[in-house]
Amino acid sequence: MSETGKAIIELKNISHTFRMGGGQKLRVLQDINISLYQDEVVALLGPSGSGKSTCLRILAGLLQPTHGRVLVDGKKLNGTNPRVSMVFQSYALLPWLTVFENVEVALESLQLPREEVRERVKRAIDLVGLEGFEEAYPRELAGGMKQRVGIARALVGERPVLCLDEPFSALDVLTAEALRSEVLRLWLTRKTATKTMVLVTHNISEAALLAKRILVMGTGPGHVQVSIKNDLPYPRDERSSGFKSLVMNIHDVITQSIIPDTPEWVPPALAATTIETIPPVPLVEVIGLIEFIAARGGQGDSFAIANELKKDFGNVLFLAKAAELLDFVDTPKNAIVLTDFGKRFIQSDVNVRKRVLHEALKGLRLAQLLEQKLKTAEQFTLPIETVHEYIREWMPNENAETITNTLVQWGRYGELFGYNDDTKQIYLDVGQETA
Ligand code: ADP
Ligand code: MG
């Protein structure tokens with residue numbers, strides 16, 4: 001998502017009131033503000049009747065809102081939205097047309113040359129795995145295949161914004177799951193013109209699996225309660241603990257047992273996954289730096305220290321960062337300043353130092369996570385490969401091997417973890433607890 005980029009479509013202060021027979025009015029949307037950017041998937045998640053479909057119809061220009069404006073590339077929209085295509089829960093296929101013809105319908109208004117129409121329809125049909133079914137009629141197809149036709153018809157127009165209105169909810173669980181990951185893959189691999197997807201759903205897991213931004217909608221009249229940020233990397237694993245906690249957090253917001261404190265809410269499950277990385281430096285050298293600074297009155301300038309130690313400046317910064325993670329120093333501007341904790345560490349004897357270091361390491365989020373895993377493992381031991389996998393899950397943007405090596409090296413030094421090089425296993429060091 002590039003929130004800094006220009007919005008493709010904006011709904012501005014949209015409200016909508018339906019006029020019913022007998023002069024009655026029904027207000028279904030109130031003050032909706034939604035901006036859609038390139039490279040994102042936005043879910044509208046809410047109970048039935050919260051105005052999700054009405055929102056999509058307004059976005060697509062199929063319905064004129066009674067208040068507010070729709071902007072497309074910054075300009076006010078009149079009539080149908082040329083940037084949007086739609087997929088409906090009910091498939092909305094024409095029963096008297098073949099699969100090929102149902103997809104072709106979406107190109108009719110463009111009046112393209114016959115050959116180009118054929119090529120584009122064929123490409124769309126191939127993308128959704130319908131090759132061989134071109135001449136079939138909708139009645140011959142199962143639900144999943146029908147929805148593939150619906151998706152092909154939406155893709156063939158090659159428009160940047162794909163809106164999907166509960167596209168999988170009429171399908172059985174397994175078919176829905178398969179089609180869901182195919183749609184995600186089409187978007188992730190950029191094989192189509194789709195830059196942005198808007199998914200309407202009442203299924204929390206579905207929203208959490210697909211969306212980067214989840215707009216939770218409430219009823220009476222329909223409004224956006226909160227926008228939930230979801231930065232879990234794709235593809236998401238429904239069985240992972242991070243995913244399960246995310247779903248619980250969203251559930252808590254919907255049932256209002258959590259009241260988000262910001263309109264752009266980061267669920268605790270995801271806030272907790274932003275674990276601080278650890279710089280790949282030996283812990284002995286970190287302690288060396290602390291001693292060096294202590295010997296020079298408890299503080300110094302990083303450049304000067306690098307010079308004096310004849311070390312690379314970047315390396316000194318890494319060491320300082322590591323010392324800071326362990327609360328031994330602060331690093332205001334370019335200075336490195338011992339904390340009281342750091343001073344006490346330096347003044348202690350070897351045994352006390354060991355205990356202090358042990359406690360400091362236990363304060364690291366990453367060490368805590370590994371400790372938890374080891375505590376529940378058989379004989380408090382895990383193969384290093386398994387630890388790599390955990391680290392990959394916790395810190396998808398880091399090199400898992402490097403992080404593991406550093407963590408084990410620090411953990412060994414602080415008697416938190418041990419590593420057996422013969423069996424390639426990491427174990428919990430229980431020596432300090434039992435000593
Ligand atoms: P959702 O998709 O979240 O279930 P909808 O947008 O379909 O919600 O509907 C929101 C409300 O608007 C519902 O109360 C529905 O009955 C009403 N509604 C939808 N379309 C019309 C219409 N064409 N005329 C009158 N009321 C409508
Ligand atoms: Mg609906």
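Summary of computed values
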| read-out | value |
| --- | --- |
| Protein accessible area in the chain, 1.4 Å probe - carbon and sulfur % | 51 percent |
| Placed amide H near residue 29: partners under 5 Å, 5+ positions off or other chain | 16, 222 |
| Acute angle (nearest 10 degrees) that the helix 143-155 long axis makes with the longest principal axis of the chain, alpha-carbon atoms | 90 degrees |
| Beta bridge orientation in the chain: antiparallel %, DSSP, nearest 5 | 60 percent |
| ³J(HN,Hα) computed for each position of the stretch 279-290 - Karplus, 6.51 cos²θ - 1.76 cosθ + 1.60, integer Hz, glycine/proline x | x, x, 10, x, 5, 4, 6, 4, 5, x, 5, 4 |
| Förster radius 35 Å - calculated FRET efficiency between residue 348 and residue 427 (Cβ-Cβ, nearest 0.05) | 0.80 |
| In sequence order, calculated HN-Hα J values of the stretch 318-333 (Karplus, 6.51, -1.76, 1.60; Hz; x Gly/Pro) | 4, 5, 5, 4, 5, 5, 5, 4, 8, 6, 7, 9, 10, 10, x, 6 |
| Sparsely packed trypsin sites (Lys or Arg not before Pro) within the stretch 292-381, loop by DSSP, other Cβ within 10 Å at most 16 | 296, 310, 311, 333 |
| For the stretch 9-256: lysine pairs under 20 Å (alpha-carbon distance), excluding those fewer than 8 apart on one chain | 15 |
| Accessible area per residue, Å², the chain with all protein chains present, probe 1.4 Å | 50 Å² |
| Gain in span if fully extended, residue 337 to residue 317, counting 0.36 nm per residue against the direct Cα distance | 5.9 nm |
| Gain in span if fully extended, residue 205 to residue 190, counting 0.36 nm per residue against the direct Cα distance | 3.1 nm |
| Nearest 10 degrees, 0 to 90: helix 384-394 Cα axis against the chain principal axis | 60 degrees |
| Chain lengthening between residue 303 and residue 19 when straightened (0.36 nm per residue, less Cα-Cα) | 95.1 nm |
| FRET efficiency, 1/(1 + (r/R0)^6) with R0 56 Å, evaluated for residue 114 and residue 368 via beta carbons | 0.30 |
| Cβ-defined net charge surrounding residue 418, 11 Å radius [Lys, Arg +1; Asp, Glu -1] | -2 |
| Per-pair calculated FRET efficiency, R0 = 25 Å: residue 101 and residue 142 via Cβ, rounded to 0.05 | 0.85 |
| Phi-based couplings in Hz for the stretch 48-65 (Karplus 6.51, -1.76, 1.60; Gly and Pro marked x) | 4, x, 7, x, 4, 5, 4, 4, 4, 5, 5, 4, 7, x, 8, 9, 8, x |
| Distance (nanometres) between label positions extended 7 Å along Cα→Cβ at residue 238 and residue 399 | 3.6 nm |
| Rounded to 10°, Cα long-axis angle of helix 114-127 versus longest principal axis of the chain | 40 degrees |
| For residue 86, distant residues with modelled amide H under 5 Å away | 163 |
| Total formal charge among the other residues, if their Cβ is under 15 angstrom from that of residue 329, Lys/Arg +1 and Asp/Glu -1 | -2 |
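The values are calculated or read from the model by the stated rules, or taken from the named source; none is laboratory data. As the structure is a computational prediction, the values presented were derived from the model and not from experiment. In this analysis, Cβ positions are derived from the backbone assuming ideal geometry, glycine residues included, and neighbour counts consider all displayed protein chains. For accessibility, only protein heavy atoms count, side chains too; no ligands or nucleic acids. Shrake-Rupley method; radii C 1.70, N 1.55, O 1.52, S 1.80 Å.
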